[in-house]
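The values are calculated or read from the model by the stated rules, or taken from the named source; none is laboratory data. Fair warning: this is a prediction, and the values are worked out from it, not measured in the lab. Quick reminder, even Gly has a Cβ in these numbers, built from the backbone with ideal geometry, and neighbours come from all protein chains shown. Ligands, DNA and RNA are excluded from the accessible area calculation, which covers all protein heavy atoms including side chains. Shrake-Rupley method; radii C 1.70, N 1.55, O 1.52, S 1.80 Å.
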Amino acid sequence: LFCRRNDTFVEHLACHVASSATECHLATILFLIWTVHVTTVSSRFIGAAVLPHGDFAYDPTLLDKGSHERKAADAVARATRRAGLFIAGLDPDVIILSTPHGIELSNDYGLYLGSNASGFATIGSDLRINSTKHEYDVQISQIELAPKLSRNLMDKLSNESVSGILPFADSEDMPLRWGEVIPLLMIPMANATRKVQRRHLIWSHPLRRYTESPDMVPELERLGRLIFEWAEMINLDIAMVISSDLSHTHRADGPYGYSNKSQPFDDAIGQWATNPCENAPKLLERARSLQSGAKSCGFTGLVLLHGAFCHEKGTSEFEAALLANQNVTYYGMMAATFERKCNDVNVRGVY
């Protein structure tokens, strides 16, 4: 029950089970005593989600009603919103957003060091030329980044290929586009009454992922583990969001052509997402061997997330739920959630 202690909820629960106002007051007093004498040490890496950034996850009505494509898009859009609500429900202090389409360095992973970020995504550009639908833009006016935390994480990763990115001496917002905007729009804003507003740490994958992503698996696993270890050491609740689409080679008339590796790749990723640690070979062996033909933009992000989950300190601590795994047009999309289990919570008395 107390994976992440909600004091107000516990207090209301105590009054709910009381049979009178007097007993309610007594229960409240006992609750206050409990909060003084008991400290709950909760996990700091509290959960994660995989969210697609394809147009149809945001707006399935771009596709013709009643079509097979529209039905698949509807399913993905519903699941994506569920996953976004899941992240918002965790109420994290910081969201680490892994993006394959941000500001990309040639060799290094990038951490955004600006104070704020804003931008837009053009919805409808994935439609075929003969579509009667029109493109339109959706905006994120501004989100707060976490430059000090990003620099702190860079210190943790000082021996890795990770660099900071800061444009124009922080005089302008860091720019966001579809790889960040669409997933972030799926996550409801933090409660305005929250004492500290949610911040964002944006992680960009290097350009070499286009040609070297299968070879990047060992370093991505290591980076994921190091990020997990870092998150466990700071006094903040951290959630990770992986912006990811799956295979881009489902159709011959798509921009990347057709590959018979596309559906097997998506199937393997879906199987991995149901139980990442137990099904690790589905991602690290099967999908890895198919990536060159599948051309998934999110593969490196998924391996990064796997590294955070599946190591000696994290194995089996996360409850996974695959919400959707569909090919809508030429590319596949998946929505999945991963919640920290309660059994790693340490409740101890303070004497």
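Estimated at the nearest 10 Å², the accessible area of Cys277 is 40 Å² with a 1.4 Å probe. Tally Lys/Arg at +1 and Asp/Glu at -1 over every other residue whose Cβ is under 12 Å from the Cβ of Leu145; what's the total? Counting the neighbours of Leu145, the net charge comes to 0. One Cα centroid belongs to region 86-155, the other to region 198-274; the line between them spans 14 Å. What is the sum of charges around Leu97, taking Lys and Arg as +1, Asp and Glu as -1, for the other residues whose C-beta is under 13 Å from the C-beta of Leu97? Surrounding charge for Leu97 is +1. Surface analysis of region 214-309 yields an accessible area of 34 Å² per residue, using protein heavy atoms and a 1.4 Å probe. Using heavy atoms of the protein chains and a probe of 1.4 Å, the accessible area assigned to Asp253 is about 100 Å². Carbon-plus-sulfur accessible fraction, region 100-245 (probe radius 1.4 Å, protein heavy atoms only): 49%.
Pairs exceeding 32 Å between alpha-carbon atoms, taken from Lys65/Lys295; Lys133/Lys282; Lys133/Lys295: Lys133/Lys282. Averaged per residue, region 39-102 has 32 square angstrom of accessible surface, using a 1.4 angstrom probe with ligands and nucleic acids left out.
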